[in-house]
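Laboratory data are not the source of any read-out in this text; all were calculated from the coordinates shown. Quick caveat: nothing in here was measured; it's all calculated off a predicted structure. Note that we place each Cβ from the backbone using ideal geometry, even for glycine, and neighbour counts take in every protein chain shown.
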Amino acid sequence: MTFRFRVISATVGVAAVAVLLASLASFWTTRNALLRSVDISLIQAAQSPTSHPVGDESRVTGAYFELVLASGTTIPTSNVPIDSVVRAVARGHAAQTLRTVTFGGEAYRELIVPLPAKSVVACQTGLCTVASTSAELFVVNINGQVGELRHLASTLLAVAAGGLLLALVLGLLIARAALRPLEAVTNEIEEVAETSDTSRRIDEGGQDELGRLRRVFNRLMNSVQSSESLQRQLVADASHELRTPLTSLRTNAQVLSRASELPADDLRQLTNDMVTQVDELAALVTDLGELSRGDRSEGLVEVLRLDECVDECVDTARTYARIKDIDIEVDVAPSSVTGRRDRLVRAISNLLTNAIKFTPANGRILVRSNDGVVTVSDSGPGIAADERHQVFDRFWRSASARSLPGSGLGLSIVAQVVDEFHGTVRVDQDPQLGGARFTMVLPTTDDIVD
């Protein structure tokens, strides 16, 4: 079912309901008015009898079409059917009744009025007293009113049919006019999809719903273009970074083919170099896999104790810091953040690994955590002020660090994780230790898990 068909169907459906409700309301209003007029005339006839004073007796109750006795006998005799309803009123078992009956092929409106015992009525001999309960029966022919109602029903049906036809025509015109701008937007989007040109944008138009759709599409294309650009840059940077260790491995492998000609020390050094290069490649592949997650990752989002995550990462980092006799001081206070635990641990670990790498032997590292803020400072050479804006770029390494192991992706992963947590990260110089100080600020939550 197309959207155009749904618009037309909705328009015709609403019009059909409105026309049918209006027709039914008109019919029932007219019917009730006609029948009410007949009923009023019958009630007035019943309430306007011929009265004659008869000593101490009750007044004369006359002016009836037909008198029905409790036995079912009628005075005078007529062809009006006497059914159980009339007999029940005549016997005093039912109240005054108004109804529509049909006999002899014609429609009548019938009023049945109960009479108590010893009622005085006009009869052929003058005045008569009815010993038992009885009923007055007033009947009027309503064939004319029924004919008028049938004519009205036919007219209303014709009007309803015309209204539905008009609604269908208007629905087609409205759908065509309403969907023309949407078709134009659809055609523009289809052209973008066919050409795969992510740099193309469509006219944003006004402030209506279609304008909003156009703006949302343009924002989507901006995201796609940015993602595509980052992907290409990542592939280009990764290929560049992989080229050096692979070239070195290829050279060492060629030298290793003459292993029998090499001294034992040179052979040992060669194999150690190859293992180191393989480790660098493995670390690079791991970091690339981490970056490939994008700005969002999969996993359980939960409330995390930031201080506990920091303590866990510090315990692991001390294992590597002992090799260089580096002292790691910790000053943490309880605070909680919301996110994925593995990502948070990875970001903190990368900051600690980076600090250990650049801290000289017998140096110091200071780790602080409080109210969603994690600070990692070291006593290393620090980062020049004109280079700090580049430290979170992928594969960027300062000139002094290019001889050290690493892929240049660790701090990029930190920036990615912090962005996922909707936080910020910055680098400056620690006034106490003199080296680099990385500060990671994450939004906190009031729900602290004990």
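With the simple spin-label model, which puts each label point 7 Å out from Cα in the Cβ direction, the Asp197 to Ala16 separation comes to 4.6 nm. Summarising the amide proton neighbourhood of Asn370: residues at separation of 5 or more, or on other chains, whose placed amide H is nearer than 5 Å comprise Ala333. Taking amide H positions as modeled 1.01 Å from N, with prolines and chain starts lacking one, the residues under 5 Å from Thr133 and 5 or more places away or on another chain are Ala117. Extension gain, Leu173 to Ile189, is 3.3 nm, computed as 0.36 nm per intervening residue step minus the present C-alpha separation.
Among Glu110, Glu191, Glu420, a tally of other beta-carbon atoms within 10 Å of each Cβ gives an order, fewest to most, of Glu191, Glu420, Glu110. Under 5 Å between amide hydrogens, built in the peptide plane, is the criterion, and for Leu304 it picks out Val337, Thr338, Gly339 among residues at least 5 positions away or on other chains. Computed from phi, the 3J(HN,Hα) profile of the stretch 37-47 under the Karplus parametrisation 6.51, -1.76, 1.60 (θ = phi - 60°) reads 4, 5, 4, 5, 5, 5, 5, 5, 5, 6, 8 Hz, with x in place of Gly and Pro.
Measuring r between the beta carbons of Asp386 and Leu165 and using R0 = 56 Å, the FRET efficiency lands at 0.10.
Coupling constants for the stretch 368-385 follow from the phi torsions by the Karplus curve (6.51 cos²θ - 1.76 cosθ + 1.60, θ = phi - 60°), and in residue order they are 10, 8, 6, 6, x, 10, 10, 10, 10, 10, 9, 9, x, x, x, 10, 4, 4 Hz; glycine and proline get x. Using the Karplus relation 6.51 cos²θ - 1.76 cosθ + 1.60 with θ = phi - 60°, the per-residue 3J(HN,Hα) values for the stretch 340-354 come to 9, 4, 4, 6, 5, 5, 5, 5, 5, 4, 5, 5, 5, 4, 4 Hz, with x marking Gly and Pro.
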